[in-house]
Amino acid sequence: MPLLAAIAAAAEAGAPAPAPKHPLILNADAAVRALAPESDSPANASLVKRVSGWSLSTLDTDLATLASDFCKTLTRKFKNSRSLNRDGFLGLLSSFFQKCAERVGLHVNVDPSDPNFVPKSIEKLGFVIGREAAGLILQGCLVLEIWEVIETLILQKLAGNLNSVNLVEKLVEKNQSELLCLCVREISDLKSSELVLILKFYLSPSNGSLTSMISVKKKLEKEALFAIEKATHKGLDEKVTTLAREASILLTMAHDRFSSPEVCLHYVFGSSNLDDLVLSSAISRLDGSEVLALVRYFIKWLEKYQRFPEAGPCPSVMQVLGLSVCDSVPSLEAVVKGLGLVLDEHFSYLVLNSEFHEEMRVMERLVNSFASEAELCLPVNEIIKHLQLEARLH
């Protein structure tokens, strides 16, 4: 019997185990050593032997019980919304994480009475939170508007479409621009329906949403000023200064002449998480005014990259200087790709609507300029490749 058929037959012989609701911290070495053959059948009887002796560790059992009791308590609280308040909810979270920390043997190093205790606990003990618990915590935080905990859950990859919470929709309702930017940057399974909500939120901002968008731009401005300070600081290592100079150019470009909603768009088109099909589907559902705003946004970027051709991604700037926004600034390649998706989805509308004709002419001029520069660079690129080959041969 082929090995694959033997494995399939062995799997069919026993009932499949249900997927666990809570994460398990498995000690594989101890578990394997405890296994024993189920029968003394001849060695050549089958390629796959059933074994017995498998059991969960005491730690796994205790953590699963803690998480199960915690989820039951939260579910009961949510049924009676009057009994749910910020202090009581945070108290439940704090108690749960204290018990988990004690059982695992980790120290959060923050006093439980400190407002940062729950976020810090999630950073250190996020591995004990299952899908069900994470969804319930998100649900409670959204109702009670505990944004700092939601931010930590997103950063720790504990928020996404595996949770039964309409996170993006509710953040849009609450005008939480910063958290929406974080969702685009950190959540890898955003759906097109969620992405179109985010795009419309930034392209057609309401008066209530502008305040939170301004805070996103202020964060970008703060990091740009920090990069400029490091780039002009004497006495720093030359590599650090060079990196700071590159970051200062990129961040200044991303800040200058861009409105606060447009700065939020940087996170969408600078994200490496978004699938082209998802992005294309979201762009196809924009209306005329939103398409025009998006085209003008891309034109600004094309003009910036034409003026500063030396600008480009700074992948190591987060580690060296702690600048987090650089990773969310769209590259020239991302801008061209985004513009291409807009043209693919709305070409007929753009051509037939006279309101777009001036933008189309500007785009044509900029694209032709980039194409001419690329043609001039092609021979130089071939010469460099030839010299590199010669250097390797000698």
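Just so you know, all these numbers are worked out from the coordinates, no wet-lab data involved. Computed from a predicted structure; not experimentally measured. No Cβ is skipped: glycine too gets one built from the backbone with ideal geometry, and neighbour counts run over all protein chains shown.
Brief remarks follow.
- Each label was represented as a point 7 Å from its Cα along the Cα-to-Cβ direction; for N85 and S354 these points are 6.3 nm apart.
- Compared with the rule-of-thumb size 2.2 N^0.38 Å for a compact globular protein, region 200-277 has a Cα radius of gyration ratio of 1.32.
- Rg/Rg_ref, region 273-378, where Rg_ref = 2.2 N^0.38 Å and atoms are Cα: 1.20
- Which listed pairs, of K157/K217; K77/K222; K191/K239; K77/K217, have C-alpha distances above 32 Å, in listed order: K77/K222; K191/K239; K77/K217
- Between the beta carbons of L144 and Q98, assuming R0 = 22 Å, the FRET efficiency works out to 0.65 to the nearest 0.05.
- Separation of the L236 and D344 label points, Cα + 7 Å toward Cβ, nm: 3.9 nm
- Computed E for H107/K157 - FRET, C-beta separation, R0 30 angstrom, nearest 0.05: 0.85
- Overall dimensions of region 59-202 by Cα: Rg and Dmax, Å: 15.2, 47
- An oblate overall shape is assigned to region 205-393, the ratio a/c of its alpha-carbon gyration tensor axes (a ≥ b ≥ c) being 1.5 or greater and a/b not exceeding b/c.
- The label point for R307 and the one for S68, both projected 7 Å from the Cα toward the Cβ, are 6.3 nm apart.
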